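> Before I ask anything, here is the structure I am working with.
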Amino acid sequence: MVNPAIEGKIYPRTSSYLVGREKIREFAKAVFSKDPANLDLDAAKKQGYKDLIAPPTFAVVIQERSLIQVISDKEAALDFSRVVHGDQRFIHVRPIVAGDELTSELKVASVKQLAGNSMVSFETQIFDSNQELVCTAISTLVVRGEA
């Protein structure tokens, strides 16, 4: 069972992640993106971007860096071997673009117990090198009980 005392806890900001053009292309291919601005530099520039733009769900790559902190936090008592992904949402202020240097900061929004399982919701804010908000990733993990 996840420790309910971590509700409201804010984890330290992650080190920066430099978004690479090839990482965007790899991710776009993996999610079967049809947006040419995810794959072709000329197409992205024609849409007004300085470089390739990432598919909206690419933000999970950055969010994962914050989630690792929770998973490794002994106080949280979050057994990742029992996790099922319950929900994922992204609120973008602007697209993630190749060349962005991003950091993230995670807050445990809620910890609830339901039928022997823990439902843990996270809000992860993703910032660029100017400390401007790029995206908020909201996710819920279900940690199955041992029964």
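The values are calculated or read from the model by the stated rules, or taken from the named source; none is laboratory data. Predicted model only: the values in this text are computed from it and were never measured. Methodologically, a virtual Cβ is constructed for each residue, glycine included, from the backbone with ideal geometry; neighbour enumeration extends over all protein chains shown.
Yes/no per residue for (1) in contact with a Gly (Cβ under 9 Å, 6 or more places away or on another chain); (2) within 21 Å of S139 (Cβ to Cβ); (3) among the basic types (K, R):
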{"site": "R13", "(1), (2), (3)": "no, yes, yes"}
{"site": "K29", "(1), (2), (3)": "no, no, yes"}
{"site": "F80", "(1), (2), (3)": "no, yes, no"}
{"site": "D87", "(1), (2), (3)": "no, yes, no"}
{"site": "E101", "(1), (2), (3)": "no, no, no"}
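> Now for a separate question. Considering segment 1-22 alone, what residues qualify as being basic (K, R) and either under 15 Å from the mean Cα position of the chain (by Cα) or under 11 Å from S66 (Cα atoms) (or both)?
R13
> So, one more: With the structure loaded, tell me whether I96 is within 22 Å of F27 (Cβ to Cβ), in contact with a Ser or Thr (Cβ under 7 Å, 6 or more places away or on another chain) and modelled with pLDDT of 95 or more or whether it fails that test. It would help to see each step written out before you state the result.
Numbers: within 22 Å of F27 (Cβ to Cβ): yes; in contact with a Ser or Thr (Cβ under 7 Å, 6 or more places away or on another chain): no; modelled with pLDDT of 95 or more: yes.
Spelling it out, it is not the case that I96 is within 22 Å of F27 (Cβ to Cβ), in contact with a Ser or Thr (Cβ under 7 Å, 6 or more places away or on another chain) and modelled with pLDDT of 95 or more.
> Taking segment 67-93, which residues are surrounded by 14 or more Cβ atoms within 10 Å (Cβ to Cβ) and of a type in the set (K, R)?
Once the filter is applied, which keeps residues that are surrounded by 14 or more Cβ atoms within 10 Å (Cβ to Cβ) and of a type in the set (K, R), segment 67-93 yields only R82.
> In the list S15, S33, which residue meets the criterion of being assigned to a loop (DSSP other than H, G, I, E, B), modelled with pLDDT of 95 or more and over 23 Å from F127 (Cα atoms)?
Only one candidate passes the filter, namely S33.
> Could I ask something else about it? Can you list residue pairs whose Cβ atoms sit under 8 Å apart, with the first residue in segment 76-92 being free of Cβ contacts under 8 Å to residues at least 12 places away in the same chain and the second being of a type in the set (A, V, I, L, M, F, W, C) and surrounded by fewer than 16 Cβ atoms within 10 Å (Cβ to Cβ)? Count only pairs 6 or more apart in sequence or on different chains.
Within 8 Å, the pairs are F80/I71.
> If you check A59 against the conditions, is it assigned to a helix (DSSP H, G or I), of a type in the set (A, V, I, L, M, F, W, C), surrounded by 14 or more Cβ atoms within 10 Å (Cβ to Cβ) and touching a residue at least 60 places away in the same chain (Cβ under 8 Å)?
Yes.
> List pairs: first residue in segment 3-31 and at positive phi and exposed (fewer than 15 other Cβ atoms within 10 Å of the Cβ), second residue of a type outside the set (K, R) and modelled with pLDDT of 95 or more anywhere in the structure, Cβ distance under 8 angstrom, at least six positions apart or on different chains.
Between residues of segment 3-31 that are at positive phi and exposed (fewer than 15 other Cβ atoms within 10 Å of the Cβ) and residues that are of a type outside the set (K, R) and modelled with pLDDT of 95 or more, the close pairs are G8/V108.
> Could I ask something else about it? What number of residues in segment 25-44 are in contact with a helix residue (DSSP H, G or I) (Cβ under 7 Å, 6 or more places away or on another chain), hydrophobic (A, V, I, L, M, F, W, C) and farther than 14 Å from F58 by Cβ?
Qualifying residue count, segment 25-44: 1.
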